1. Just to confirm the filter: which trypsin sites (Lys or Arg not before Pro) across segment 80-151 are DSSP coil and have at most 10 other Cβ within 10 angstrom of their Cβ?
2. Let a ≥ b ≥ c be the square roots of the eigenvalues of the Cα gyration tensor of segment 178-230; is it rounded (a/c under 1.5), or, if not, prolate (a/b larger than b/c) or oblate?
3. From Cα coordinates alone, what are the radius of gyration and Dmax values for segment 265-355 in angstrom?
4. Under 4 °C and 1.567 mPa s, how fast does segment 27-82 diffuse according to Stokes-Einstein, given a Kirkwood radius computed over C-alpha pairs? Answer in µm²/s, whole number.
5. Work out the charge dipole of the chain with +1 on the Cβ of Lys and Arg and -1 on the Cβ of Asp and Glu about the Cα centre, then indicate which of Leu160, Leu133, Asn206 is farthest towards its positive end.
6. Compute log10 of I(q)/I(0) for segment 124-216 with the Debye formula, placing one identical point scatterer on every Cα and leaving out solvent, at q = 0.11, 0.18, 0.19, 0.26 Å⁻¹, to two decimals.
7. Rounded to the nearest 5, what is the percent of antiparallel bridges among the DSSP beta bridges in the chain?
8. Can you list the GluC sites (Glu not before Pro) in segment 15-110 that are in a DSSP coil and have 12 or fewer other beta carbons within 10 angstrom?
Amino acid sequence: MKTFSINESQIARVIGAAAADELARRFNRHVDFLTIAGWTQDMPLGRGGLDLDPLEQAACAQRAASLFGLDAEFLTSQSATRIADWAHAVATGIEGRLTSFSFKPAARGEEDMAYIHAADEIFQDAAAAANILYGRRRLLSFVAPHSLLGLELSILTPNLLGIESVDARGMAPETLSKNLLFGDVLVATPTLWRYMMQEELKAPDNTLAVSFGEPMTSDLAATMRKSGFGVLRELYGTTETGLIAWRDTPGEAFVPFDHWRRDGNDLRRLRPDGVVRRVAAMDVLTWTGERGFALSGRRDGAVQIGAVNVFPDAVAAALRLHPRIKDCEITVGRRGDGAARLIAHIVLKEKVLPNEPTARDIDIWCRANLRQQERPQIYNFDAETGAEG
């Protein structure tokens, strides 16, 4: 569908973001947010750019090809020195035959798991988002475009609306404040919105704020409105299911988009070809009627931290591998701004003292072995696991 075409520059943005994610997953190589924002067309794959060794380059090439529904080895046999080379090859490979996308969820222990979505369903999601963003002049995005919702919102939706899409990941809040214009829409996760509010981001009149990836709190929404964002839209969807629903105010019910229907406690998706299929939601949906629901927690036990699904039991199991830790339990608390945080209740091995050097050693270990969102923010040394902290 020509309306949903993706140009090579946009493909390069997706490939750069996917490469950063793949390096973190498979090679424990983490790159800062601003650096990743610069991984676009002209960035070299080798020295002076992504600095990929042969194994890393093969992994990133496979991820890029698979994301766009191509054979995993499509790019590995092609000569490439820049991201632009991969983007050109992908653009050629999908021309006239883009049938699917493949996305990896941002969760520990699922490095090799990917969810394949038919391209027409991804385009259907983007069209639904475009309906509630109609009339905007530009879309600016603070989210990486390699995730399902990131691709739909930051690339496909503005393409469908015929408006400019601006990658704002490399902008500091002060720079962003100067660049926001009347009629813009800015897309970010609540964690990023909190950061921008702390940095006193200001918006001009008639600026729309879009949020997804973790629950929006009433306090954060109120702060955003005071900063100039007169309209807020919170979207709900997952890597496993696609874009499902939206609402304007925290605490209100989510309203499913028109291609979704209630099916008992789950959902039915009305595909573009008229086929209806049943979908099990990743969250427990508490229905308030046929066209509204509230979220009542993930079915798989995950909690959302920084728009990433984190499994407390998996984090606890990882911490039990530390040479000084006998047992560990992870609970979830809330910061003053409403954001979730992990609390580690640790039982140390015999003769290990619960002092500052021990805490520092565990924290260093966590930084080396856990993703940023998985790292506990509070450590309690308990006589038994599960003690209150």
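The values are calculated or read from the model by the stated rules, or taken from the named source; none is laboratory data. None of these values were measured; they are calculated from a predicted model. Every residue, glycine among them, receives a Cβ derived from its backbone with ideal geometry; neighbour counts consider all protein chains shown. With ligands, DNA and RNA removed, areas are computed over all heavy atoms of the protein, side chains included. Shrake-Rupley method; radii C 1.70, N 1.55, O 1.52, S 1.80 Å.
1. Taking segment 80-151 and a limit of 10 other Cβ atoms within 10 Å, the loop trypsin sites (Lys or Arg not before Pro) found are Arg97.
2. Numbers: a/c = 1.66, a/b = 1.50, b/c = 1.11.
Here segment 178-230 falls in the prolate category.
3. Gyration radius and largest Cα-Cα distance of segment 265-355: 19.4, 66 Å.
4. Details: Rh = 12.0 Å.
Once the numbers are plugged in, D ends up at 108 µm²/s.
5. Ranked along the dipole, the leading option is Asn206.
6. One equal scatterer on each Cα of segment 124-216 leads to -0.27, -0.75, -0.85, -1.53.
7. 65
8. Details: sites: Glu22, Glu56, Glu73, Glu95, Glu110; in loops: Glu73, Glu95, Glu110.
Answer in residue order: Glu95.
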